[in-house]
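Everything below concerns the one structure shown next.
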Amino acid sequence: MLRADLAQYYPAKALFERVLGRSAFLRVKDYGPLSSWRKNYDRLLRAIGVAAAATVEVADAEWYAQFNEVLAQGIRGIQAARAIDELHASVAATLGELSFVQLGFVPGAHYQMDVVPLVPRNWRLDPVRTVQYVQSVEQRAAQKRLAKKAPRESET
């Protein structure tokens, strides 16, 4: 249930501000109707899609198709949510699945196990593709510059 409370769902509110801008934060700051939350989450998922298209330089067509299908499912879940808890659950599931897609593979057979031990052999996600993160000298320098400019948690 939504309340007029800045602290309620604050991590999501802070993410909206950091990624989508101040107006997205203000829409839901103390109290925002479900439609405002829906609008922010929809924009967040769409921004992730635009960012992937603009940033991922090397990937196979199937990866792009899977990534975009997970985003589309997430957007449909946002539109279908009738309460804030349904909305948060839909977005959490979408972001979780996207994380696995970005790592190369969404585990599909784990449902057959009672508990999946958190050991590397169960979580090596490279049977379909391998993911590499590379950083040029210029990107490393930019990272250092940006780290110096970023506000620390204690300052926000």
Quiz item: Hey, with R₀ at 25 Å, roughly what FRET efficiency would ALA141 and GLU57 work out to, going by the Cβ-Cβ distance, to 0.05?
Solution: 0.80
Quiz item: Hey, fewest Cβ within 10 Å first, where do TRP63, TRP37, TRP123 land in order?
Solution: TRP123, TRP63, TRP37
Quiz prompt | Given charges at beta-carbon only (K, R positive; D, E negative), |dipole| of the range 10-131 in Debye | solution = 540
Practice problem: Only helices at least 24 Å long along their axis, Cα-based, and averaging -1.0 or more on Kyte-Doolittle count here, so list those DSSP H runs from the chain. | Solution: 34-55, 61-80, 84-103
Quiz item: Could you work out the helix-only [θ] at 222 nm for the chain, with each DSSP H run of four or more residues adding -39,500 (n - 2.57) and the total divided by the number of residues, to the nearest 500 deg cm²/dmol?
Solution: -18500 deg cm²/dmol
Quiz item: Order of VAL28, VAL56 from fewest to most other C-beta atoms within 10 Å?
Solution: VAL56, VAL28
Practice problem: Once you have a ≥ b ≥ c as the square roots of the Cα gyration tensor eigenvalues for the chain, tell me rounded if a/c is under 1.5, and otherwise prolate or oblate according to whether a/b is larger than b/c. | Solution: oblate
Quiz item: Given a cut-off of under 8 Å on Cα pairs at least six residues apart, what relative contact order in percent is computed for the chain?
Solution: 16
Quiz item: Hey, if you put +1 on the Cβ of every Lys and Arg and -1 on every Asp and Glu Cβ in the range 10-131, which of VAL106, VAL116, ALA81 ends up farthest toward the positive end of that dipole?
Solution: ALA81
Quiz prompt | Rough spin-label spacing in nm, given labels placed 7 Å along Cα→Cβ, for ARG121 and LEU34 | solution = 4.7
Quiz item: Tally Lys/Arg at +1 and Asp/Glu at -1 over every other residue whose Cβ is under 13 Å from the Cβ of GLU62; what's the total?
Solution: -1
Quiz item: For ARG140, ARG38, ARG18, what ranking results if the residue with the fewest other Cβ atoms within 10 Å of its Cβ goes first?
Solution: ARG140, ARG18, ARG38
Self-check item: Dipole-positive endmost among ALA12, ALA93, LEU71 within the range 10-131 (Cβ charges, Cα centre)
Solution: ALA12
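All of the numbers you see were taken from the coordinates with simple rules; none came from a lab. Since we're looking at a predicted model, the values are computed, not measured. Ideal geometry is used to build each Cβ from the backbone, glycine not excepted, and the neighbour counts take in all protein chains shown.
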